[in-house]
């Protein structure tokens, strides 16, 4: 999130699209209600009428997988009716920038496409620079090659009629949403967008969010109170686990994982983002300091300037290698791995095409599963269709402590890092995860110390000293993440003050690239300082009155509650919305008042700099050349879709998605055997695969089994009654469910045809409860967004039929 | 008066009804206060954050003198949830107090149809040996292009957004020191 949960109350218009906030983030809904109580409009756009819709001032339906068409229509409406914030668009976005003449778009393809590689050469999408390397601009926005005019041209095709044909949303409904949301383009109004997996789990997931980012940039809704693009993430610490680099492509703090062609630290640092524009902060220019400090936190004193701080010991990806989830399980299925950790996860139910995932687990020599409760992953070898006598995989199940049985911090979607304390001991022999990994590594190191082995340096040199009185101490790790000085510094270049060796750094501004500082994750630097554990703070002061609560817990980066907040002021530093001033420049005191400013430089009108400090050009990217599937979002159909032809172009599906073919990977589009659009989703009473909810008596009583929601019309067509047992089927798998026949779903009219949509929750598994049904992911395809590789679980084609007799018991 | 679970529910029910029929002239609020006091009287209060979705609601966990969790409820001082919790958050204590919890280390040998309970020491020793065997067998110093990659191709990991920040960081460090590159978790799905 750019903003945070309490900030919803500061919005004038709230759009929840790609999510179901009332059911999946229930308590946050109080801040939507708070906004509504002050007159805000709440809009819900979804294929299904949910409890969120019941509270919406405007609810409209769209066919799953057509969000870009819907949002593209909104971009056109905003431009046609001049609803955009002209000052903001000119000063704080790249609308005025001139695009390289090689950029073009024709019939669903951007220039630079290579059909044999299914990839673009993105180098033809760049912005033009002058002789000094500064982007060329036309502040009148009239140049036909400027971003603004190209945007207009691109979305001129997204007419109400065309959008209606694709989405199934009546034109009057589209206009209602466009008008209401478009009303936030004035400086005194704020509009916010709340999304979740309803936007990410598509083959155009990133571009769904990009389309909304363009709208927010046009309306001046980024960097302001009550605005922003706000991902309502699914797990209590999925923000933190991402920040800490538990993904193949990033190290902690979003430092890109090094690739093989970057042999030395100097090679890596040559890829540091650069800008020649003196008005662009380009914060990533500081990356070498964060990298050197990170490497020192890995290998401690063994990381020296002479050995590149141990850079070569770290594993490298091949150039362009994609080791993400779907590829990981594809490789496992092919037998690439002998060992596997599923730590605090249940991939046998959470992975797309779970049938393939379960088969992949049989190819391993050994697997370690760490969990609070038993799971379908731990027990895969005795699951449906498995013959344990034929499965070689050695399985270790390590019981771990639950959240209230250990100490540590988690980060919510609003980037609030909050400390939890230990309330009780974990039951039986279970242990905190931290203790388990700490002990396990010591055993591995002992082995490498005793016996010969492959390249032992990174293991023997690892800094692994997080103990107090012989016990693992989580506070020592928290301090390692914050960082500290490794030498006495008599005069620090930042503040000319002296710092002693071992002193915790005040924040990441003090990190150095010469090895004199250590920091596990620059983004969390300032979270645990000499002043104490900032995440544990519980003081409820609110000086701005906006609900920022700067002394409650701690927020990355630098306790900044709303990021890009200098976009909320004019060129002189005055709040553009005097009703909700987030920041104000105090000219006399030469300082900002309000939130922690996104860089404490003076306002732009004096000799200041652009507000979007993490972007190389310093401004919001309406034209976004950094993605694999184009600089403007374009509508493509889901991989499995109900119509033969994309009504927008000759490209039916996203032209750069990786197609997994053969084996257990099958796809059926416009196939009469699988005629209905299916989405997976969640219910309030369960969470993810249900590992932490299916075993709880209250929750399993409230939502005991797998169900399938369908419209009255579809039920009639298929002869299904409410409560009947049904079989939901795709070309990949089958699950049994109880039919919920409901007017919450309605058929769509798509290009003259009736298209039915069904929906299923994904919380169940064969292990427990016995008659609860199995995972919805047995049905979902192995296909991902080309940028993130997040699977397309929100739009695939399925069939549903009534079960006439009770099938044989499983397991 | 001995308060059993049954009579407690009766009191709570009557209190709820009393709120609705507040005009009838009797006041059950002392009974309500008394009933609430009994459950958590003398209990230790520990602040926590809910482990389910990403809203980050504050929770107070009550534990008895023996350190056993006896209750959890929304933290009224917490600025995000102001004491409120959803169905999942309200059930939180049932994670701690639950007969289904895994309490021992389990091992399933190749081709076996059974779990076996084993000691931590035995399991961690065996896992460490497995790691070394898989790593040594699949370690790649240079790729096909001759570039130094120093990686372990034969081990993969998924997890976890269910860990605390400090554990996530430690786990990321652990995996990368082993040379593992197939590192993924919930954020990708």
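A short reminder: the numbers here are calculations on the coordinates, not readings from a lab. Because the structure is predicted, anything quoted here is derived from the model rather than measured. When we count neighbours, we look across all protein chains shown, and the Cβ atoms used for this are built from the backbone with ideal geometry, even at glycine.
In percent, what relative contact order does the stretch A:411-476 have, based on Cα pairs under 8 Å that are 6 or more apart in sequence? Kindly include the intermediate steps, with their values, before the conclusion.
Working: 20 pairs, mean separation 14.6, N = 66.
The normalised contact order for the stretch A:411-476 reaches 22 percent.
Compute the distance from the alpha-carbon center of the stretch A:293-308 to that of the stretch A:97-171, in whole Å.
A separation of 44 Å, based on Cα centres.
Round to the nearest 0.05 the FRET efficiency obtained for residue A:647 and residue A:87 when R0 = 30 Å and r is the Cβ-Cβ distance.
Efficiency for this residue pair is about 0.25.
Counting DSSP beta bridges with both partners in the protein assembly as shown, what percentage is antiparallel, nearest 5?
On the way: 69 of 116 bridges.
Here the share of antiparallel DSSP bridges comes out near 60 percent.
Give me the percent of DSSP beta bridges within the stretch A:332-484 that run antiparallel, rounded to the nearest 5. Could you put the intermediate results ahead of the total?
Values: 6 of 18 bridges.
Bridges in the stretch A:332-484 are about 35 percent antiparallel.
Using a 10 Å cut-off around each Cβ, can you sort A:254, B:111 from fewest to most neighbouring Cβ atoms?
B:111, A:254
Please give the contour-minus-distance gain from residue A:670 to residue A:80: 0.36 nm per residue of separation, less the Cα-Cα distance, rounded to one decimal in nm.
On the way: separation 590, 0.36 × 590 = 212.40 nm, distance 3.53 nm.
208.9 nm is the gain from fully extending residue A:670 to residue A:80.
Given 0.36 nm per residue, what is the gain on full extension from residue A:269 to residue A:591 after removing their alpha carbon distance, in nm?
112.6 nm
Is the stretch A:502-543 best put as rounded, prolate or oblate by its Cα gyration tensor, with a ≥ b ≥ c the root eigenvalues, rounded for a/c under 1.5, and otherwise prolate when a/b is larger than b/c, oblate when not? Provide the component values of the computation, followed by the final result.
Numbers: a/c = 2.94, a/b = 2.39, b/c = 1.23.
Since a/c reaches 1.5 and a/b is larger than b/c, the shape of the stretch A:502-543 is classed as prolate.
Would you work out if the protein assembly as shown is rounded, prolate or oblate? Take a ≥ b ≥ c from the square roots of the eigenvalues of the alpha-carbon gyration tensor; rounded if a/c is under 1.5, else prolate when a/b is larger than b/c, oblate otherwise.
Rounded shape, in that the Cα axes give a/c under 1.5.
With each pseudo-label sitting 7 Å past Cα toward Cβ, what's the residue A:37-residue B:99 distance in nm, one decimal?
4.4
First check a/c for the stretch A:671-811, with a ≥ b ≥ c the square roots of the eigenvalues of its C-alpha gyration tensor; if it is under 1.5, answer rounded, and if not, answer prolate when a/b is larger than b/c or oblate otherwise.
Working: a/c = 1.65, a/b = 1.22, b/c = 1.35.
Verdict is oblate for the stretch A:671-811.
Within 10 Å of each Cβ in A:370-376, how many Cβ atoms from other chains are there, averaged over the peptide? List each step's numbers first, then the result.
Working: counts 6, 5, 8, 5, 5, 1, 0.
The mean count of partner-chain Cβ atoms within 10 Å per residue comes to 4.
Within the stretch A:471-515, list the residues whose amide N lies under 18 Å from a label point set 7 Å along Cα→Cβ of residue A:442.
In the stretch A:471-515, the label zone of residue A:442 (backbone N under 18 Å from the point 7 Å along Cα→Cβ) covers A:471-478.
Of the beta bridges DSSP finds with both residues in the stretch B:70-189, what % are antiparallel, to the nearest 5?
Bridges in the stretch B:70-189 are about 60 percent antiparallel.
Which residues among the stretch A:237-264 fall inside the zone where the amide N is under 11 Å from a point 7 Å beyond the Cα of residue B:148, along Cα→Cβ?
Under 11 Å, as judged by backbone N against the label point of residue B:148, lie A:263-264 of the stretch A:237-264.
Sort B:117, A:439 by Cβ crowding within 10 Å, fewest neighbours at the top.
Fewest-to-most Cβ neighbours within 10 Å comes out as B:117, A:439.
How crowded by other chains is B:110-123, given as the mean number of beta carbons from other chains within 10 Å of each beta carbon?
Going residue by residue through B:110-123 and averaging, the value is 4.
Mind giving me the FRET efficiency for residue B:82 and residue A:801? R0 is 51 Å, r the Cβ-Cβ distance, nearest 0.05 is fine.
0.60
Quick check: pseudo-label points 7 Å beyond the Cα along Cα→Cβ at residue A:392 and residue A:469, how many nm apart are they?
Label-label distance for residue A:392 and residue A:469, simple model: 4.8 nm.
Taking R0 as 25 Å, what FRET efficiency do you get between residue B:121 and residue A:452 from their Cβ-Cβ distance, rounded to the nearest 0.05? Each step should come with its number before you reach the end.
Numbers: r = 24 Å, r/R0 = 0.96.
Taking R0 as 25 Å, the efficiency between residue B:121 and residue A:452 is 0.55.
Shielding of A:192-200 by partners, i.e. mean partner chain Cβ atoms within 10 Å per residue?
Across A:192-200, the average partner-chain Cβ count within 10 Å equals 1.
How would you rank A:328, A:647, A:546, going from fewest to most other Cβ atoms within 10 Å of each one's own Cβ? Kindly include the intermediate steps, with their values, before the conclusion.
Values: A:328 28, A:647 15, A:546 20.
Ascending Cβ contact count within 10 Å gives the list A:647, A:546, A:328.
Roughly how many nanometres apart are two label points built 7 Å out from the Cα toward the Cβ at residue A:716 and residue A:738?
Modelled inter-label distance: 2.5 nm.
How much mean residue ellipticity at 222 nm does chain A get from its helices, if each DSSP H run of length 4 or more adds -39500 (n - 2.57) and you divide by all residues, to the nearest 500 deg cm²/dmol? Walk me through the numbers before you get to the answer.
Details: 21 runs with 176 residues, N = 811.
Dividing the helical sum by the residues of chain A leaves -6000 deg cm²/dmol.
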